[in-house]
Amino acid sequence: MRKKRYILTFPAKSGDKALSYHLVKDYDIRINILKAEVRPGKTGSLVLELKGTSENLKKGIAWLEENNVSCEPLNKKIHWNEQKCINCGNCTAVCFSGALKMDSNWELSFNSEKCIVCELCVPACPLNLFEIDFRE
Ligand code: SF4
Ligand code: SF4
């Protein structure tokens, strides 16, 4: 099983539910929706983590592209320089995915599984402690 993240952009007439249904039913791909911007009658976008065999992921992506859904692999990651953090909390205000949170001791915690690499935390940190990592 492989896990890969993609940014999907789909035309107004394809619903995100129909896309998810086909990926699960026809290609046995498990889907974790990290971010969804879907408005009725408008172009939509999703950030998804897909889990499946390499072959099924390839077939599922090919099926999406045949159905006019653009699929861009999300190969970036956010690197947090934890040692230098002063726990000011600024970055949590811009992290809508919930990847950055203050814990019960008022210390910052970073859950990379929830990160959608929106990059909003990069300019939000006064100490420049976030960097984009392009290595897979
Ligand atoms: S890039 Fe930063 S702000 Fe965006 S989801 Fe990841 S941790 Fe949160
Ligand atoms: S903004 Fe920077 S210094 Fe402040 S809590 Fe976030 S990572 Fe730490």
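To the nearest ten degrees, helix 54-66 and the longest principal axis of the Cα atoms of the chain are 70 degrees apart.
Debye-formula intensities of region 77-133, expressed as log10 I(q)/I(0) at q = 0.19, 0.22 Å⁻¹, are -0.56, -0.78 (one equal scatterer per alpha-carbon, no solvent). Between 0 and 90 degrees, the angle of helix 16-27 with respect to the longest Cα principal axis of the chain falls at about 70 degrees. Rounded to the nearest 20 debye, the dipole magnitude of the chain is 320 debye, with +1 charges on Lys and Arg beta carbons, -1 on Asp and Glu beta carbons, and the Cα centre as origin. Sorting Tyr21, Tyr27 on solvent-accessible area from highest to lowest, probe radius 1.4 Å, gives Tyr21, Tyr27. Take the chain with all the other protein chains still there, run a 1.4 Å probe, and you get 64 Å² of accessible area per residue. Pairs exceeding a 30 Å alpha-carbon distance, out of Lys51/Lys84; Lys4/Lys42; Lys42/Lys101; Lys4/Lys101; Lys58/Lys84; Lys58/Lys114: Lys51/Lys84; Lys42/Lys101; Lys58/Lys84. Each other residue within a Cβ distance under 13 Å of Ser54 adds +1 if Lys or Arg and -1 if Asp or Glu, for a net charge of +4.
No disulfide-compatible partner, judged by a Cβ distance under 4.7 Å, exists for the following cysteines of the chain: Cys71, Cys85, Cys88, Cys95, Cys115, Cys118, Cys125. Rounded to the nearest 20 debye, the dipole size of region 2-73 about its Cα centre is 220 debye, using +1 on the Cβ of Lys and Arg and -1 on the Cβ of Asp and Glu. In loop segments of region 44-89 as defined by DSSP, there are no GluC sites (Glu not before Pro) with at most 16 further C-beta atoms inside 10 Å of their C-beta. Restriction of the trypsin sites (Lys or Arg not before Pro) in region 52-136 to DSSP coil positions whose beta-carbon has at most 12 other beta-carbons within 10 angstrom yields Arg135.
Work out the P(r) tail for region 2-73: percent of alpha carbon pairs separated by more than 18 Å, whole number. Cα-Cα pairs in region 2-73 separated by more than 18 Å: 27 percent.
From the Cα gyration tensor of the chain, with a ≥ b ≥ c the square roots of its eigenvalues, which class applies: rounded if a/c is under 1.5, or else prolate if a/b is larger than b/c, or else oblate? Here the chain falls in the prolate category. With helices as the sole contributors, the chain gives -6000 deg cm²/dmol at 222 nm; each DSSP H run of n ≥ 4 counts as -39500 (n - 2.57), and the sum is divided by every residue. Largest accessible area first, the listed residues Phe134, Phe110, Phe10 line up as Phe134, Phe110, Phe10 when surface is computed with a 1.4 Å probe on the assembled protein chains.
Element breakdown for region 2-73 at a 1.4 angstrom probe: carbon and sulfur atoms account for 49% of the accessible area.
The values are calculated or read from the model by the stated rules, or taken from the named source; none is laboratory data. Only a predicted model underlies this, so the values are computations on that prediction, with no experimental measurement involved. Positions of Cβ are backbone-derived with ideal geometry, glycine not excepted, and every protein chain shown enters the neighbour counts. Only protein heavy atoms, including side chains, enter the accessible area calculation; ligands, DNA and RNA are left aside. Shrake-Rupley method; radii C 1.70, N 1.55, O 1.52, S 1.80 Å.
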